[in-house]
Structure formats: C-alpha cells, structure tokens
Amino acid sequence: MWCKHSTFESSMRTPLIVKVPGVTKGLKSQSITEYIDIYPSLCELVNIKSPTHLEGESFIKLIKELKRNKDFTKSKYRDAIALIKGNMIYMEWADDEGKSYNRMLFDHSIYPMELDNLAEKSDYKEVVSSLSNDLHINGGKIF
C-alpha cells in the first residue's frame with residue numbers, strides 16, 4: 001500500500017509503503033497520513049489497544065477500504081504551525097501564548113513552488129478563515 005505522506009512543505013512529502021500479508025496487494029492511495037499515525041496503525045494490526053496519550057489515528061481503514069476520513073495533516077517548526085489540506089498549505093506563526101502574528105497560504109494546484117502568498121489576497125479571505133479555524137481545531141497539543 002502506497003500513501004502520500006506529508007510533512008511541513010510539499011517538497012518534503014514522502015511515500016509511505018506498507019506491506020501487510022494477505023491485505024495489501026500493490027494498491028496505491030493519494031490519501032494523507034502522518035508519522036504519528038504509524039504507531040496506532042501497528043497497534044490495530046496486532047490487535048492491541050493504543051496508548052491513550054497518542055495523537056495519531058490508525059490508517060488501517062485506508063489499507064482495507066482505500067478510504068479515510070482524515071483529509072489533513074499538520075506540522076510545527078519553531079513558531080510556525082502548518083495545515084496541509086488538499087492542495088492548500090496554510091501556515092501561521094504564533095507566540096508563546098498561541099496568538100498568531102503572521103500567516104501564509106499557498107495553493108499547490110496553481111503555484112507549486114510557493115512563490116505567491118495568497119493569505120492577504122481578498123479572493124482567499126474565506127479560505128484563510130476556514131483553514132485557520134481547521135488548524136486551531138485540529139492542532140492538538142501543537143497550539
């Protein structure tokens with residue numbers, strides 16, 4: 001099973017190759033998963049309960065049914081927190097109290113090289129608001 005694995009920037013997207021005997025058969029998926037999803041997935045595969053402190057989600061449903069409810073990934077580097085959802089990469093910089101002081105938005109379907117920050121353009125106001133909300137809701141312990 002091959003999944004698109006995403007980290008902070010699109011240039012750092014890496015394939016995740018998973019082989020489960022009797023389950024995976026050379027299937028491919030463009031679904032998003034994160035490194036933090038690997039441990040809960042392994043727990044599910046060997047039928048043990050995941051520790052409660054884990055933030056990741058098992059991707060075994062993706063392996064078995066080629067679908068998954070999770071459609072985003074998040075990442076943190078220093079003061080920057082990023083949400084990658086579809087072709088959009090939204091980033092906010094936050095102070096120690098979690099208050100945002102800068103933001104960037106890139107649409108990789110239009111600008112794959114991230115040369116045009118769309119966050120301050122009026123056409124993207126609703127997109128920025130929605131992604132910022134998603135980032136704060138799904139940010140977990142990052143915020």
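The values are calculated or read from the model by the stated rules, or taken from the named source; none is laboratory data. Bear in mind that the values here come from a model prediction, so they are computed numbers and not experimental data. Every residue, glycine as well, gets a Cβ built from its backbone with ideal geometry; the counts of neighbours run over all protein chains shown. Note: areas computed on protein heavy atoms with side chains; ligands, DNA, RNA excluded. Shrake-Rupley method; radii C 1.70, N 1.55, O 1.52, S 1.80 Å.
Here are the numbers for the structure shown:
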read-out: Residue list for the range 60-103, filter: closer than 30 Å to residue 47 by Cβ and open to solvent by less than 10 Å² (accessible area, probe 1.4 Å); value: 60, 62, 63, 73
read-out: Residue selected from the range 19-38 under the condition buried (at least 19 other Cβ atoms within 10 Å of the Cβ) and not in a strand (DSSP E or B), by the criterion modelled with the highest pLDDT; value: 37
read-out: Number of the condition not met by residue 41 [criteria: (1) touching a strand residue (DSSP E or B) at 6+ places or on another chain (Cβ under 7 Å); (2) at pLDDT 90 or above]; value: (1)
read-out: Among the residues listed as 114, 97, 92, the single one being at negative phi and part of a loop (DSSP other than H, G, I, E, B); value: 97
read-out: First in the range 43-69 and under 14 Å from residue 33 (Cβ atoms) and without any contact (Cβ under 8 Å) to a residue 12 or more places away in the chain, second anywhere and open to solvent by less than 90 Å² (accessible area, probe 1.4 Å) and outside any helix (DSSP H, G or I), Cβ under 9 Å, 6 or more apart; value: 61/68; 69/57
